[in-house]
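In what follows, a single structure is set out as structure tokens and then discussed.
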Amino acid sequence: KHSTPDHRSLFALPARDGGLGIFDPSAIADEEYISSVTATAPLSKVIYEQSITISPEKAYAVATELKSAKLEVITSKRMRHKAKCTEATFTMSLMQKRRHDERTRKGASIWLTTLPLREHGFILNKQEFWDAMALRYDFGLEGIPQQCACGDPNNLEHALTCMKGGFVIMRHNQLRDLTANLLDQAGCRDVVVEPHLLPLTGETFRLKSTKTANDARLDVSARGVWTAGDKTLLDIRVLNSLAPTNSNAT
């Protein structure tokens with residue numbers, strides 16, 4: 001109900017180009033026909049010849065031509081998608097372009113093409129999927145209070161940054177636990193969540209934000225992340241890349 005003709009063109013792009021992979025058959029019919037003819041040309045030629053047997057050399061040559069034709073089709077289709085992706089940004093505002101850049105980052109849209117495996121928590125219910133679409137295309141979240149519990153007006157940007165209610169910490173802890181679980185599955189040893197750092201013995205630091213308390217901790221530590229036996233300390237950071245304070249960040 002939120003979509004416009006511009007959105008429909010965007011939805012037709014692959015997920016990695018910021019779309020949903022919902023193609024318009026009438027718009028791509030001619031392109032798909034040409035791709036089909038190109039991809040099957042080497043095989044069609046052999047069929048037309050009506051040979052009863054094919055020599056191994058001939059079979060190898062046809063297989064090589066088929067592979068080359070398939071690569072040509074894939075490359076051509078990728079170039080068309082890239083061109084349409086660039087064209088879609090011409091009518092976008094500055095904030096919409098920033099959101100589009102976020103959607104097209106490597107791995108940012110993989111959740112749309114991942115199998116919904118319940119055992120890995122990859123299943124979204126109806127409300128979660130609607131909210132994910134609203135976040136992805138800036139449709140605006142529905143059903144949320146007009147005013148936040150902290151007293152400020154409630155909107156998408158505020159919901160992602162407000163510290164009241166613990167949602168920022170919840171997202172941080174979820175990523176922390178996921179990182180620790182993946183390190184354990186990858187075969188790393190001595191995986192610890194929130195390990196204590198060594199106490200200071202008179203050291204000084206230039207940055208005032210440095211934690212100097214004796215009970216200072218990081219988020220995750222593990223051995224064997226980069227080098228066998230070496231301990232690696234990881235600090236998880238969660239930020240809203242679309243917040244005004246990050247407008248000039250890259």
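Just to be sure, is Ala222 surrounded by fewer than 14 Cβ atoms within 10 Å (Cβ to Cβ) and not in a helix (DSSP H, G or I)?
Considered against the rule, which asks whether it is surrounded by fewer than 14 Cβ atoms within 10 Å (Cβ to Cβ) and not in a helix (DSSP H, G or I), Ala222 comes out as no.
In region 125-138, what residues are open to solvent by 80 Å² or more (accessible area, probe 1.4 Å) and closer than 21 Å to Leu13 by Cβ?
Phe129, Trp130
How many residues does region 218-250 contain that are within 17 Å of Gln174 (Cα to Cα) and at pLDDT 85 or above?
Matching residues across region 218-250 total 8.
I'd like the full set of residues that are of a type in the set (D, E, K, R) and touching a residue at least 40 places away in the same chain (Cβ under 8 Å), limited to region 149-165.
Scanning region 149-165 gives a single hit, Glu157.
Scan region 123-143 and report the pairs whose first residue is within 21 Å of Thr161 (Cα to Cα) and whose second residue is open to solvent by 70 Å² or more (accessible area, probe 1.4 Å) and assigned to a helix (DSSP H, G or I), with Cβ atoms within less than 7 Å and a gap of 6+ or a chain change.
Asp138/Gln96
Within region 187-210, track down each residue that is open to solvent by 80 Å² or more (accessible area, probe 1.4 Å) and without any contact (Cβ under 8 Å) to a residue 12 or more places away in the chain.
Of everything in region 187-210, those that are open to solvent by 80 Å² or more (accessible area, probe 1.4 Å) and without any contact (Cβ under 8 Å) to a residue 12 or more places away in the chain turn out to be Leu198, Thr201, Glu203, Thr204, Phe205, Arg206, Leu207, Lys208, Ser209.
Under the condition of being part of a loop (DSSP other than H, G, I, E, B) and free of Cβ contacts under 8 Å to residues at least 60 places away in the same chain, which residue from region 225-236 is surrounded by the most Cβ atoms within 10 Å (Cβ to Cβ)?
For region 225-236, the residue satisfying everything is Val225.
For the subset of region 139-185 comprising residues that are surrounded by 15 or more Cβ atoms within 10 Å (Cβ to Cβ) and in a loop (DSSP other than H, G, I, E, B), which member is nearest to the chain's Cα centre (by Cα)?
Phe139
Taking Thr75, is it loosely packed, with under 11 Cβ neighbours inside 10 Å, over 21 Å from the mean Cα position of the chain (by Cα) and farther than 23 Å from Ala132 by Cβ?
Judged against the criteria, Thr75 is a match.
Only one residue in Arg16, Arg8 is outside any loop (DSSP other than H, G, I, E, B), touching a residue at least 24 places away in the same chain (Cβ under 8 Å) and among the charged types (D, E, K, R), so which one is that?
Arg16
Within region 41-58, which residues are surrounded by 12 or more Cβ atoms within 10 Å (Cβ to Cβ) and without any contact (Cβ under 8 Å) to a residue 24 or more places away in the chain?
Leu43, Val46, Ile54, Lys58
Taking interchain pairs and intrachain pairs at least six residues apart, which have beta carbon atoms under 9 angstrom, with the first residue in region 81-93 and farther than 11 Å from Asp6 by Cα and the second open to solvent by 60 Å² or more (accessible area, probe 1.4 Å) and among the small types (Gly, Ala, Ser)?
Lys84/Ser9
The values are calculated or read from the model by the stated rules, or taken from the named source; none is laboratory data. This one's a predicted model, so the numbers in the text were calculated from it and none came from an experiment. Positions of Cβ are backbone-derived with ideal geometry, glycine not excepted, and every protein chain shown enters the neighbour counts. Side chains included, ligands, DNA and RNA excluded: accessible areas come from the protein's heavy atoms. Shrake-Rupley method; radii C 1.70, N 1.55, O 1.52, S 1.80 Å.
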